[in-house]
Structure formats: C-alpha cells, structure tokens
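Structure first, then comments.
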Amino acid sequence: MSNCGKVWLVGAGPGDAGLITVKGKALLELADVVIYDALIQLELLAQIPEKTKKIHVGKRAGNHSATQEQINQIILEEALKGKKVVRLKGGDPFVFGRGGEELELLLEHGIPFEIVPGITSAVSVLAYAGIPVTHREFTSSFHVITGHTSKGKKKSVNYQALAKLDGTLIFLMGSSSMEEICNRLMQEGMSPDTPAALLERGTTARQRKVISTLEHLKRDCDRVGIQTPAIIVVGQVCRLANQLEWVEKLPLGGVQVLVTREKKKASTLSKKLLEQGAHVIELPAIGTTAIEDKSEFQIAVKEIMQQKTVQWIVLTSPTGVEMFFSLLKKEKIDLRRFLSDTLRFAVSGSATAVALERYGIYADLMPKKFSGKDLGRAFETSVDRNEKLYLFRSELADEELPNYLAEAGFYYKEIPIYHTIPHMDLEWVESVWDSIEKKEIDYVTFTSASTVKGFVQAIGERDFSIVPAICIGEKTADWARRYGMNVSISPEATMDSMVKMMIKNKERFD
Ligand code: SAH
C-alpha cells in the first residue's frame, strides 16, 4: 500500500472561522480533498483553495445527508486513490462526532491517519454567550451530555445522577427533547428556578441565546422560535450570561460581510472587519492576469529608456504597480538602466502610492481625491504639456483619465499590462445566494465596478434587489444599481470609511 493516501480527521471548531486550529487551517491548504458536513460555515469553507476537491456529506436544502457507511466509504475511496484527505467535522471530531467510527474502515485497510482536535461547541458556544463553563462560586464540574438518548437510544442518560452533581450540564443535540430534559431534571430534584439557557448557532454571526430557568426554558424558547444547532445549558453559571455578554457589544458583532475583492487584496479589508468583530466570507469575484501580448509594453519601455526629456509613468492601481514591475523583471530590465533623472511617477491614490513605495519609489504626483478626473486635473495644473505620459493600466480601465488628458492637450500613451477577469469559485455560489436569501449576509462589499460584474456573472440571473451592496465610489455604485442591487456608498472612497459606515449602521440599528 505504498501510494495510498492519508486521512486527517480535523476539527473545524464551532462556527466562527477563526476558531479552527492553526494545524487544521494548514491542512485545509494542503489537502487534495476536503470532505465536510452541514455544520461547517461558509466563512471557513470559502478559505479552502479553489483547486481542492470538496465533497459535502451533510444535509443540504432538500437533500438527505449521506449515511455514516457512505461517508466512511467516500473517505476510504479518496484515500485509496492516493489523496491527502481532510475529513472536516464541526467542533471536535470525537465529541459526539462519530469520529471513531470513521476511523474503523481506515484501520481495516491500513490507511494512515492523524487526528487534529477542534474546539468543541460544548465549551466555546458558552464562552461566546458570556457563560463560563465553570466558575469557582457556582460549580466545580461540567458535563457534556447527548440530548438524543433521552428518546430511548442505546445508552440512557442517568438524570438522577446528573441532578445531584451540582455541575454545569451541557446538552448537545437536545433542542427537540428540551422539554423532556428539563422535566426529567426537575423530577430528579433540581429546583425549577435553576438557571438554564438555550444557545443557538453559537459563535456564528447569527448566534442567539435564551436565558431562562429549568421551568420556563421551553416556553421562552417557543416564544422566539429556535433554530439548530443549539445547546442547552443548565446551571448557576447561566446567571452570568447578561453580565459577561461581549459578542453583541463588538462594533461589528453579529455582522457578516461578503468580501468580493481579489484574493491578494481582500485581506486588508477583511482584517479591518475582523478587528471590529465582523464575520467575513472572502469570496473574490475577480482575478487578474498579466497581458499575453507584451509587444506594446516592450515598445513603450524602450522609448522611455531612450528619451532624455521628462516623462511620466502613470499607475492607477496597486495591481498595476505589481504587474508593471513584474513585467520589467520578466523582460530582464535592470532598474538602474530604467530609472533615470528625467523619469517621474504619478499615482491615482494612496494605495497605489504605498504599492510603489515597496519598490523604493516615492510618487511625484498624486491627486487629493481618487478619480481619473482628479488625476487629470493634477496633471493639468502642475505638469508641462511637453512631458510625455505613459499610462500602464488594466486592459479594461475606463476612459475618464485619457479623455481628460486628451482634452487638456497632453501627449499620452495607453499601455494595457493586465486583464481583470470575472472569477469566482463556483463551488460556493449556491451557498452564497442561499445566505443572502436568508438574510445571513449583511453586506456584500464592492470595491470596483469589476467586482460587481464578476459577482453578477458568477451568480447568474437572479433578483439582485435583495443584495445588500456596499460600494466604494460612485462608479462602482452605478454598476451595482444597474443590476438593481440595494446600494449604499461609503462617504469616502476608502476601506476605513466603508467599515465606519457599517459600524454607524449597526449603532443605529441597536
Ligand atoms: N463535534 C461537535 C458536536 C457534534 S453534535 C462539537 O464538538 O461541537 C452536534 C451538536 O452540537 C448540535 O446538535 C448542537 O447541540 C451542538 N452544536 C454544534 N455546533 C453548535 C453551534 N455553533 N451552536 C450551538 N450548538 C452547536
């Protein structure tokens, strides 16, 4: 069995994508196949590389989940193909996760495996609800119990013993037998006043809690209508839930944002959002590639290097900067030959300026506001008409800047150096749309017209009026409106402004 694969049984944590272990995350990056079930959130799934084969074995709208035997078989088959298989399970794989059963078949076939424990919902969902699982004043133990067995399954739960423990009782899979659980505990002598809680979809953007007592938990849950997954907690520690509540108080606590920027750039925005407590689903809607035909670039560069008069290199996006220098490198052009005293650099905004500074070059010209017109105006007021301008840009860059320059009487050349292509990992399109329909996504961020177009192209013909689009800049917003989206625009064309606007909206809502 020399070329057989290997299986990693990995705990994904309870929902918040940040609660997977470092090891688990690293394995997601290197797996050939990820087999996951229904509890895994989109915010984590979207982090699996696009090339990785994904197999969903949980329940999905209308479909039944695979049986345990089928799942075992799928894992085995992939491993026998020689693949690196990650079996991704909610929480910890061994806490009511049937992880043990999934290993039996692998053992039989001599397939190597590793287990990567996860943060179990039994502890973390409580923490996110402000309930410490133990507390010196209230309890000296905690117990994790299945709520299923109360329906007369194999091993029955000893309620008599539980009622006497004085520990924190944590019931998993117990929502549908909540009434029975509470009644049994009271019958065995627990006070009806004992604090009890139901914690729904804990650690996700939509977590909710109902804090009550053993006697009234069922009634209080019925009032709000609960969803799964949910945990029932019984014990004095539930008293602390209000006092220690913290998630809901974060500036963007309970807010889920879909970020559509290109992968390389998405993380800046995502970090800002995470810092404020938001949940972020990163699903780029565009990608960029260098242009195939480099002849125009080669000609322009040659010209620039031959001329002795002042000339400008104009770069209008951080991607443009990256592409420009990577093309120079590909052409094996030594920067010492290229950068002369008469060469100037103009950028359209601060992000592009920062990208340029990474190459040790400080821009000579940058408009105060970020738009093609503003850059044109900056040239008009401070640059001599004899100086030549070279615009190295995306093939699809708009005509605002060139039109302005032409009118102002400048000599300029446009040199396309990269394409922006609509691109989304189609694996998640249905899940994204489903989340938007269920109002589980509060904002879809669009930072350029091309992200709008990429998103629309991937999603296909739908009623976009339910898409809560938040856009940078009028032009981006125009495109979003064209598809009928529900559009808001950040006051300034920066990501900070976008984040600030979300915080303000939440304050108003709270
Ligand atoms: N292995 C998992 C538990 C699997 S059993 C773990 O360690 O967390 C499934 C049960 O876990 C659900 O019925 C529910 O009771 C609980 N659960 C899992 N994730 C949850 C979440 N995010 N919020 C509330 N309960 C959750």
From the list 71, 115, exactly one residue is away from the ligand (no atom under 12 Å from the Cβ) and in contact with a strand residue (DSSP E or B) (Cβ under 6 Å, 6 or more places away or on another chain). Which is it? 115
Please state which one of 190, 186 is open to solvent by 20 Å² or more (accessible area, probe 1.4 Å), part of a helix (DSSP H, G or I), at pLDDT 95 or above and farther than 17 Å from residue 203 by Cβ. 186
Report whether or not residue 127 is part of a helix (DSSP H, G or I), within 16 Å of the ligand (Cβ to nearest atom) and of a type in the set (A, V, I, L, M, F, W, C). yes
Evaluate the following for residue 333: is it over 24 Å from residue 405 (Cα atoms) and under 39 Å from the mean Cα position of the chain (by Cα)? yes
Limited to segment 209-240, what total is found for residues that are part of a helix (DSSP H, G or I), within 16 Å of the ligand (Cβ to nearest atom) and out of contact with any helix residue (DSSP H, G or I) (no Cβ under 6 Å at 6 or more places or on another chain)? 3
Return the only residue of 211, 170, 232 being touching a residue at least 12 places away in the same chain (Cβ under 8 Å) and closer than 30 Å to residue 505 by Cβ. 211
Enumerated strands (runs of 3 or more DSSP E) restricted to segment 392-510, each holding at least 2 residues that are open to solvent by 40 Å² or more (accessible area, probe 1.4 Å): 412-422, 486-489
What pairs come up if the first residue lies in segment 352-377 and is in contact (Cβ under 8 Å) with a residue 60 or more places away in the chain, the second is among the aliphatic types (A, V, I, L, M) and surrounded by 18 or more Cβ atoms within 10 Å (Cβ to Cβ), and their beta carbons are under 6 Å apart, counting only those six or more places apart or on different chains? 370/493; 375/401
Name the pairs whose Cβ atoms lie under 7 Å apart, with the first residue in segment 85-96 and under 17 Å from residue 125 (Cβ atoms) and at pLDDT below 95, the second near the ligand (Cβ under 6 Å from one of its atoms) and open to solvent by 10 Å² or more (accessible area, probe 1.4 Å), and 6 or more positions between them or separate chains? 96/172; 96/173
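The values are calculated or read from the model by the stated rules, or taken from the named source; none is laboratory data. In this text the structure is predicted, and so the values were computed from the model without any measurement. For neighbour counting, all protein chains shown are included, and Cβ atoms are generated from backbone atoms with ideal geometry for every residue, glycine included. Heavy atoms of the whole protein, side chains included, go into the accessibility calculation; ligands, DNA and RNA do not. Shrake-Rupley method; radii C 1.70, N 1.55, O 1.52, S 1.80 Å.
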